[in-house]
Amino acid sequence: MVDLESEVPPLPPRYRFRDLLLGDQGWQNDDRVQVEFYMNENTFKERLKLFFIKNQRSSLRIRLFNFSLKLLSCLLYIIRVLLEKPSQGDEWSHIIWVNRSVPLWGLQVLVALISLFETILLGYLSYKGNIWEQILRIPFILEIINAVPFIISIFWPSLRNLFVPVFLNCWLAKHALENMINDLHRAIQRTQSAMFNQVLILISTLLCLIFTCICGIQHLERIGKKLNLFDSLYFCIVTFSTVGFGDVTPETWSSKLFVVIMICVALVVLPIQFEQMAYLWMERQKSGGNYSRHRAQTEKHVVLCVSSLKIDLLMDFLNEFYAHPRLQDYYVVILCPTEMDVQVRRVLQIPMWSQRVIYLQGSALKDQDLLRAKMDDAEACFILSSRCEVDRTSSDHQTILRAWAVKDFAPKCPLYVQILKPENKFHIKFADHVVCEEEFKYAMLALNCICPATSTLITLLVHTSRGQEGQQSPEQWQKTYGRCSGNEVYHITLEESTFFAEYEGKSFTYASFHAHKKYGVCLIGVRREDNKNILLNPGPRYIMNATDICFYINITKEENSAFKNEDQQKKSNVPRSFYHGPSRLPVHSIIASMGTVAIDLQDTSCRSASGPTLSLPTEGIKEIRRPSIAPVLEVADTSSIQTCDLLSDQSEDETTPDEKMSSNLEYAKGYPPYSPYIGSSPTFCHLLHEKVPFCCLRLDKSCQHNYYEDAKAYGFKNKLIIVAAETAGNGLYNFIVPLRAYYRPKKELNPIVLLLDNPPDMHFLDAICWFPMVYYMVGSIDNLDDLLRCGVTFAANMVVVDKESTMSAEEDYMADAKTIVNVQTLFRLFSSLSIITELTHPANMRFMQFRAKDCYSLALSKLEKKERERGSNLAFMFRLPFAAGRVFSISMLDTLLYQSFVKDYMISITRLLLGLDTTPGSGFLCSMKITEDDLWIRTYARLYQKLCSTTGDVPIGIYRTESQKLTTSESQISISVEEWEDTKDCKEHGHHRGNHRNSTSSDQSDHPLLRRKSLQWARRLSRKGPKHSGKTAEKITQQRLNLYRRSERQELAELVKNRMKHLGLSTVGYDEMNDQQSTLSYILINPSPDTRLELNDVVYLIRPDPLAYLPNSEPSRKNSITTAGQDSREETQL
């Protein structure tokens, strides 16, 4: 065995125990050598080099002294010329010899000695082994010419009056100036632009040329015209400017030769300088230069970081950012790595933007570019992802690196980041505000299926508008819709508010109802002073405090409002009551004093002349009187809150005990056990007790557990919701969660079918296998067989998600081409199907459900152009598919990130409305439908009171659907006279109650071209056809038109039915003639209290959190929560 102790080397003396006790005395006598490093810098030459060259500050002082000496020598030369008397005669001796006084000679000798000594010393210090390189340098040669003659004259007095071209020292001064600027930049650690240096060099070169020419001409003309310095200056300026008056000209051949030489030098030197300056100017125009440090310290600015800047993105940002009055003095600095686009350049040249927008070409990953943008002084930094990239994950990675770089460079600068994929969101948690595109997109698409037009509602809320859109339109619905679109979310402290100060100590629902009744504002949420969480409609048990921050919907914020009391109502026998007709509603007018806008909310009634009559409830009503509505209590009474209705699931009560038991065994309520990505907010949902095997999730494939191969075989009680997507990304998880939230009643849960182009991965299947009635199928909307297998014939909604592979195209707006054509095919094949589509570009929504001969769509197109010319940010809002919530673009939500700079709460409120976040005690968005039994309530104000006094719901808007009298399809070529007359008769008799019609059903004077074509067609038909009586001819004409009109639809219907039969599917559920295109739908956000309710109106509600009413003693109690639809009507007992 090896002796290990013998292999261990002994410790050094310093680390022995004896030495630790005795200190360092034991090793002081050791053989050690002290080594000094960098000894070469201690030599005399290195010390001089350090002082004269290496050290920036001392070198700067030396060069400044040298520059001053050269200027002093030039000044001494001018003094000598001015003091010298004009010489007589034309001898050459006057050129070689001059009159120089002794003091002046002494000063010039002193300057020459110092300059020569400094030149020799610097040459010695910079010597690198080649002496000729030092000697043949032009500055050294000029120094020898100007200094050596004066030094020689010390020892040879007769040479004291020898002419020395001291004026050439101006070129040495120029050289010293260039070196001095370089040392100045190194000393102050700040780099000026290359353009500044080039301009300085150009100016100094011009001055040196002019000064050399002046002095040379003046001296050579001593034997000629005897020119003084001023005459020489005049001659040089006239000559170099190419004017050449000819009144002053050189006479001697020497002066003429000198002028020729100077012109040649100028022709060589100046173009080179101008070329370099022009090149730098062009490069600066491309890169954008720098944002001024002085401006950054005196003015406020924000920085916009993007991968590539498109004109649509730029205009959306600028219009939304500068829509706020307090941001008018801000500058916008754009930092983009690509060269400025031609369209962007053209826009930024407009005076309105050129004074406030600065474009810098650079990367956010480079500190020098961030320094150019003065990121450390910026008020905020917006980092946007490029959604048009084919690889969206790569785009997110670039965004993450930009955010990290900005945070590292300017830790105090607030960050506003847009991310595409939800799985990348946790990398930028440090950002102040984050908007994940796919989270918001899928959540809005999901809510569109149960709360119609949620995407339009959110889009209108996050856009800045004054409600002036559509006010010039003759259509009443466009005026009302445009006026209500001006409502936005604002905030104010309760004690500082005129709207809500009087409701301190009262319940939230009481404050919300009475504020809307009195001022027309809709209180939707609050936030405690000591809590960061926003609560949407916390319910009637919430008591308002003076320090609460109130969030409300209104046409403008309270600070921009002027209050005007109504005139005293005339006394009459009719009591002054809120419930006796809209004319006596005590609604105070609000004048929105925002710019030139003045909106009187009392006059915003959208009641039509042919509106529906109110039907009163018959149960328990024996007298003919209007039923009353319970008042909203100031402080909630526990007995008045319908906790049973809120906590019980009516779908369970209506089933038999066996069905109820089986239902309870099938579903449970809890948090999803598996999330597909990090950072998803936990949501209480309907779940299965056991996860479904992956094989059972496949809709069109049978397995050992079931034998179903299509959606029809499952026998679903509710209609399907089909989602057509390219891949099962993690964002698709946010589509399922809102549709399976705990507050959705079980009997109203719609089966979800995911129609995917590519098979999903196992991680995604692990996340969705816990949700009830969620299936997937591999297929495409291009294939009719795939659509029929997934149950499109009995689907409630078809959601078409924009495909990532088509988002990038050579022509920008062609990215939506495939999606638009596929949706148009679906629209033609299944006209009764509700299709919700996502597009990349909002401008392409005019092609959705396109009908070439639809005159009404053409009229809306003209209206959109007019609104865009007026500067509207929502010019596309009157497009019927957008107004009805059938189409939206995620780029519309870019304004949500921009608005959060002024309203830091907007992202949180939007996430709560969409169900992406669930805060304890905060309500959720749902809807209810107005039926005939509900029309006795009459007005929106009475509905507001009914909801607040019963369930505590807060209504925020109405989704209204109205009928069009005629729809001109693309298969209809012309309109007959008889058809127009029938339409006119129907209008006179009032069979159609809506005032909103297609342009083909309007007055004939409005459409003379259609009228003329219709008459011509009728005449040709009467000449060619047989003679019949008037009624018979009219009947035949109508039959022919109907036959021609239906032929194309029947052909498409036969195609669909044949494919269904071929696949073994039943054709019972396919209705080829059901066409919903004869209606138009729109949203009224926060309508006025006297707005009339109409049949089939869908009211948006913010319902209190049902879990807030659960007793503390029963936390595990399992209950289903009722939501929108028919149950809402029974809850509120309308």
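The table that follows gives values for the structure above.
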{"read-out": "Descending principal axes extents, region 827-879, alpha-carbon based, whole Å", "value": "38, 25, 13"}
{"read-out": "Added length on full extension, which subtracts the Cα-Cα distance from 0.36 nm per residue, Leu1052 to Phe245", "value": "281.6 nm"}
{"read-out": "Binned Cα-Cα distances of region 839-958, short to long, each 10 Å bin given as a whole percent", "value": "10, 27, 29, 27, 6, 0"}
{"read-out": "Rg/Rh ratio calculated on Cα atoms of region 80-149 (Kirkwood radius)", "value": "1.14"}
{"read-out": "Which of Glu666, Glu1094 is most accessible, then next, and so on - probe 1.4 Å", "value": "Glu666, Glu1094"}
{"read-out": "Debye equation applied to the C-alpha atoms of region 373-455, log10 I(q)/I(0) at 0.19, 0.23, 0.25 Å⁻¹", "value": "-0.81, -1.02, -1.12"}
{"read-out": "Rounded D (µm²/s) - region 747-794, Kirkwood Rh over Cα pairs, Stokes-Einstein at 4 °C, 1.567 mPa s", "value": "110 µm²/s"}
{"read-out": "Residue-normalised accessible area of region 418-565, given per residue in Å² at a 1.4 Å probe", "value": "30 Å²"}
{"read-out": "P(r) tail fraction, region 121-265 - alpha-carbon pairs more than 19 Å apart, %", "value": "65 percent"}
{"read-out": "Charged-residue dipole, Cβ positions (Lys, Arg, Asp, Glu), region 747-851 about Cα centre, Debye nearest 20", "value": "560 debye"}
{"read-out": "Where Phe563, Phe716 fall by accessible area, highest first, once all protein chains stay in place (1.4 Å)", "value": "Phe563, Phe716"}
{"read-out": "Solvent-accessible area per residue, Å², over region 299-411 with all protein chains present [probe radius 1.4 Å]", "value": "42 Å²"}
{"read-out": "Distance-filtered residues of region 535-560 - backbone nitrogen under 13 Å, label point 7 angstrom along Glu495 Cα→Cβ", "value": "545-549"}
{"read-out": "Computed label-point distance, nm, for sites Gln355 and Ala796 using a 7 Å Cα→Cβ extension", "value": "5.5 nm"}
{"read-out": "Two-decimal ratio, region 263-396, of alpha-carbon radius of gyration to 2.2 N^0.38 Å", "value": "1.24"}
{"read-out": "For peptides 349-356, 828-835, 199-206, 688-695, sequence by mean Cβ density within 10 Å, most packed first", "value": "828-835, 199-206, 688-695, 349-356"}
{"read-out": "Per principal axis, descending, Cα span of region 662-775 in whole Å", "value": "35, 34, 24"}
{"read-out": "Pairwise FRET efficiency - Lys45 versus Ile135, Cβ, R0 = 25 Å, nearest 0.05", "value": "0.80"}
{"read-out": "Pair-distance profile P(r), taking every C-alpha pair of region 434-563, with 5 angstrom steps and integer %", "value": "2, 10, 16, 18, 18, 16, 12, 6, 1, 0, 0"}
{"read-out": "Portion, in percent, of the accessible area of region 674-786 that falls on carbon or sulfur, probe 1.4 Å", "value": "51 percent"}
{"read-out": "Cα gyration tensor, region 230-270 - rounded (a/c under 1.5), prolate or oblate", "value": "oblate"}
{"read-out": "Highest-first arrangement of 429-440, 669-680, 929-940, where packing means the average Cβ count within 10 Å", "value": "429-440, 929-940, 669-680"}
{"read-out": "Coordinate range along principal axes, alpha carbons of region 903-960, Å, largest first", "value": "40, 24, 19"}
{"read-out": "Burial order of peptide ranges 265-278, 468-481 (average beta-carbon count within 10 Å, highest first)", "value": "468-481, 265-278"}
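The values are calculated or read from the model by the stated rules, or taken from the named source; none is laboratory data. This structure is a prediction, so every number in the text was calculated from the model and none was measured. Cβ sites come from the backbone with ideal geometry, for glycine too, and all protein chains shown count toward neighbours. Protein only, heavy atoms only, side chains kept; ligands, DNA and RNA dropped before computing areas. Shrake-Rupley method; radii C 1.70, N 1.55, O 1.52, S 1.80 Å.
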